[in-house]
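Report on the structure given below.
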């Protein structure tokens, strides 16, 4: 078990339920399901940041929305982000009812991001652990993040950072004295793990 794991297998299974329920409710009402944190085990009541990712059965991305900072209970955060991944991800059309049974959910619960004090891209690359670290880039109006799962398609620190810059709208070789990075880890699980 990773040091970022804090949910039991049963709690992970419980957290998948409001995610799928929120998408069903979204199809019926156009709104995410509102959860009462008191109805859930304590680890799901705690304020934590999460991302919910939807995949089609062939493994293609179908939506991904989340938050980098905790601001509500984990169970409500997952409910809201499942709804948003299904209906508000601007890269995809809203999910249709006939697609519901053809998607798989994945939840990533984030640790609190830690600032990395780096003076160069070489310093940054030395700090990164492929397969484990998520990364947030910020420089003025430019901001982007990659979850640790992105390492599966960008398996070197150089490629990971290059594409993170592009995602933010910056050039692949961009660097400035004001650029900032924060690193985080995730506890990730999905319906395929259940």
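Since every read-out is calculated from the coordinates, none of them should be taken as a lab result. Here the structure is a predicted model, which means the values were calculated and not measured.
Comparing mean-square fluctuations of 134, 169, 63 from a GNM of the chain with C-alpha springs under 10 Å, the top value falls on 169. Taking the chain as a Gaussian network of alpha-carbon nodes connected by springs under 10 Å, the highest mean-square fluctuation of the residues 115, 50, 79 belongs to 115. Checking the a/c ratio against 1.5 first, then a/b against b/c, what shape does the Cα gyration tensor give for the stretch 23-73? Here the stretch 23-73 falls in the oblate category.
The value of relative contact order for the stretch 1-154, using C-alpha pairs under 8 Å at least six residues apart, is 21 percent. When a/c is below 1.5 the answer is rounded, else prolate if a/b is larger than b/c, else oblate, so apply that to the chain with a ≥ b ≥ c taken from the square roots of the Cα gyration tensor eigenvalues. Taking the square roots of the gyration eigenvalues as a ≥ b ≥ c, the chain is prolate.
The Rg/Rh ratio of the stretch 14-114, with Rg taken over Cα atoms and Rh as the Kirkwood radius over Cα pairs, comes to 0.96. Among 39, 80, 133, the largest mean-square fluctuation in a Gaussian network model of the chain (Cα springs under 10 Å) belongs to 39.
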